[in-house]
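Worksheet: the structure to be examined is printed underneath.
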Amino acid sequence: MYSHCIVDRQGEPSCSQGPQNVMENKEFVNSSSKVTDDRENGWPSGKGCRTKSGVRIHITAEDLFARDNADIKASHQNEKSFLSTICSRFHPVKLMPVLEWLPRYQLSYFKDDLVAAIIVLIMHVPQGLAYGELAGVSAVQGLYVSTFPPLIYALLGTTRHISIGTFAVVALLVRSATSEISDTLIYDQFDNQTYVSDLFTRGQVATTLSAVVGILQIIMGLLALGSLSVFFSEPMLSGFVTGAAMHVISAQLRDLLDIKVSRRKGAFKALLSLYDIVAHITELNWMTALFGISAMLFIYQGQLLNERFKAKLFMPLPMELVTVVVATILSYFIGLQEKYGSSIMGHIPTGVPRVSLPEVSLFPLMIKDALIIAFISYVIALSLGKTFGRRNRYNVDANQELVAMGGANVFGSFIDCFPCAASLSRSSVQEKAGGKTQLTTIFSSMFLFFTILFAGPLFFYLPKCVLSSIIIVALKDMLFQVYDCIRCSKISFIESGVWLSTFLAVFIIDLEYGIVAGPLTTVVALLYRDSRPRVRFVSSMFCEGLFIESME
């Protein structure tokens, strides 16, 4: 009589007597060890039996994927129907988590939330101006994105610590999308072919894009499609963000050094932009370059000081805001624009932004770009939210995050906002500053609103090269994610391959190709791994329930 043992999906070994078709060339193993009944060892009946020593364990193909009847019944009880899942999304507390946490708000959190809001505000102002320029629209629209959409997220979101507003990668995607859409031919009201740019401004295209992104995110959230984020693995997302950071830097070097070269479009634009900068390096504006590089070094050294003395500082040193103030004052007194020809911000509108409807006629042109931005901004927010949730012991609802991000983008589209996203740097600072709830976001938005009303003229002489330096330094942590590839290679060459292929597709070709290459290589990696399962032979020890790998 033969004794054949298997390991089920929970890692529990079991065996049964009699010949079985098994892996390893259908080998049968003789065993003289004692076989005991399941119930004597506390096993549920019906699983066969288990040997106490010396039995070689084989894994069959069927047993790798099999579950017992009890597990199947339990899973059926826990699974909800598709219709009930959708209906549950419309519960008031589900749609507006603020109704759950605000009544339980502790007054002891107020001071922490207020201090964190002031610290995040200091980052919002320079980054809002910089990322507005990066998105190819008016700089003040970056401040709008940092002010109004976060209010909606604070009401609908389930993550307490992420800072919604402008983000470099999404701003770059917006610039790429609006540039492509503006060059598209459409029919005007007289049925004549004309370019989108002849009928609508870049700002109008960007705000309409925000509406489409928001609508798609809301639909996906209500349909409980948050699980699609599993196709965006950590190595894929890290590779994409690092490649996008390289795109941003290649675009910002032009303004940092004030080199008069045209912006590249289409595939390979990052490499071509770097080539243009190197080829025309002798044409740089030395005063602009001096301002920009000095600002970059000043901000970077300030960040190092913040990191070194963070335990002794009441709040991080606001190096970005200090840089903006000092650079603006110096630019005014030395006549940076008049004497040296450097670019400055110029007039920035003040007052309440105008309310307008998105251009519905442009919706069909934006589906592809909107899907890309919707997924990328959502996955970044969700990954940050889960990280903070694990660290601070609260749950993050993946589908509700889609609804919250979508609601923020749709609301922002009526107030001259381009698509918003969660910022890696600001979210980290918000948590470290002691923020406890999304009241931090509400306070920060209130302060930013007063900045928009009155502070516009103060930035008239701000050099644009300083904004480029702020963006480049802010991307430092994203560039350092290249070490993720090295770390992955020590664990799994497959994971490092996913990271590398995504990064190269984004950096060398373009962002859209990285969106395709990332999930595709992830799926290929999963199929490859499943096609080569690892089979091990183990034997039980004298101790009950302890198994070790047996020697061939």
- Query: Which numbered condition trips up S262, out of (1) more than 26 Å from the chain's Cα centre (by Cα); (2) without any contact (Cβ under 8 Å) to a residue 24 or more places away in the chain; (3) not in a loop (DSSP other than H, G, I, E, B)?
  - Reply: (3)
- Query: Here are Y153, Y131: which of them is modelled with pLDDT of 90 or more and farther than 25 Å from G346 by Cα?
  - Reply: Y153
- Query: Quick one: what pairs do we get from region 120-131, first residue without any contact (Cβ under 8 Å) to a residue 12 or more places away in the chain, second surrounded by 24 or more Cβ atoms within 10 Å (Cβ to Cβ), C-beta under 8 Å, 6+ apart or different chains?
  - Reply: none
- Message: Condition (residue is under 22 Å from the mean Cα position of the chain (by Cα), over 30 Å from S342 (Cα atoms) and of a type outside the set (K, R)) applied to region 446-461: is it met by at least one residue?
- Response: no
- Being in contact with an Asp or Glu (Cβ under 6 Å, 6 or more places away or on another chain), modelled with pLDDT of 90 or more, buried (at least 24 other Cβ atoms within 10 Å of the Cβ) and part of a helix (DSSP H, G or I), is that true of even one residue in region 223-237? no
- Listed residues F268, F298, F291; which is at pLDDT 85 or above, of a type in the set (F, W, Y) and within 22 Å of I515 (Cβ to Cβ)? F268
- Query: For region 473-493, which residues satisfy the criterion of being among the acidic types (D, E) and under 16 Å from S423 (Cβ atoms)?
  - Reply: D477
- Message: Scan region 156-164 and tell me whether some residue there is buried (at least 24 other Cβ atoms within 10 Å of the Cβ), under 21 Å from the mean Cα position of the chain (by Cα), assigned to a strand (DSSP E or B) and at pLDDT 80 or above.
- Response: yes
- Task: Return yes when F449 is in the same structural domain as M319 (by TED's automatic domain parsing), in contact with an Asp or Glu (Cβ under 9 Å, 6 or more places away or on another chain) and among the aromatic types (F, W, Y) and no when it is not.
- Result: no
- Matching residues in region 110-137 - criterion: being surrounded by fewer than 24 Cβ atoms within 10 Å (Cβ to Cβ) and touching an Asp or Glu at 6+ places or on another chain (Cβ under 9 Å): I122, V125, E133
- Task: Would you please name the residue that is farthest from F414 (Cα to Cα), looking only at residues in region 345-371 that are of a type in the set (A, V, I, L, M, F, W, C) and buried (at least 19 other Cβ atoms within 10 Å of the Cβ)?
- Result: M345
- Item | Test result for G406, in a helix (DSSP H, G or I) and in the same structural domain as G136 (by TED's automatic domain parsing) | yes
- Neighbours by Cβ (under 6 Å, 6+ apart or cross-chain): first from region 296-317, more than 23 Å from K111 (Cα to Cα); second surrounded by 14 or more Cβ atoms within 10 Å (Cβ to Cβ) and modelled with pLDDT under 85: G302/L317
- Test each condition in (1) modelled with pLDDT under 90; (2) of a type in the set (A, V, I, L, M, F, W, C); (3) buried (at least 18 other Cβ atoms within 10 Å of the Cβ); (4) more than 23 Å from the chain's Cα centre (by Cα) for V140 and report the one that comes out false. (1)
- Message: Which residue is farthest from G389 (Cα to Cα), if the candidates are limited to region 136-181 and must be among the small types (G, A, S) and touching a strand residue (DSSP E or B) at 6+ places or on another chain (Cβ under 7 Å)?
- Response: S146
- Query: If you check L274, L216, L256, which single one turns out to be surrounded by fewer than 18 Cβ atoms within 10 Å (Cβ to Cβ) and either at pLDDT 85 or above or assigned to a loop (DSSP other than H, G, I, E, B) (or both)?
  - Reply: L274
- Any residue at all in region 196-212 that is among the acidic types (D, E) and assigned to a helix (DSSP H, G or I)? yes
- Matching option when the condition is within 30 Å of D198 (Cβ to Cβ), assigned by TED's automatic domain parsing to the domain that holds T147 and without any contact (Cβ under 8 Å) to a residue 24 or more places away in the chain, among S356, S273: S273
- Query: If C417 satisfies every condition in (1) touching a residue at least 24 places away in the same chain (Cβ under 8 Å); (2) assigned to a helix (DSSP H, G or I); (3) under 30 Å from L222 (Cα atoms); (4) out of contact with any Lys or Arg (no Cβ under 7 Å at 6 or more places or on another chain) but one, which is the exception?
  - Reply: (2)
- Note on the structure: For region 467-481 the number of residues that are closer than 11 Å to A295 by Cα and either small (G, A, S) or assigned to a loop (DSSP other than H, G, I, E, B) (or both) is 2
- Checking A422 against (1) in contact with a Leu (Cβ under 7 Å, 6 or more places away or on another chain); (2) farther than 14 Å from A154 by Cα, which single condition isn't satisfied? (2)
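The values are calculated or read from the model by the stated rules, or taken from the named source; none is laboratory data. Just so you know, these numbers come straight off a predicted model, no measurement behind them. Every residue, glycine as well, gets a Cβ built from its backbone with ideal geometry; the counts of neighbours run over all protein chains shown.
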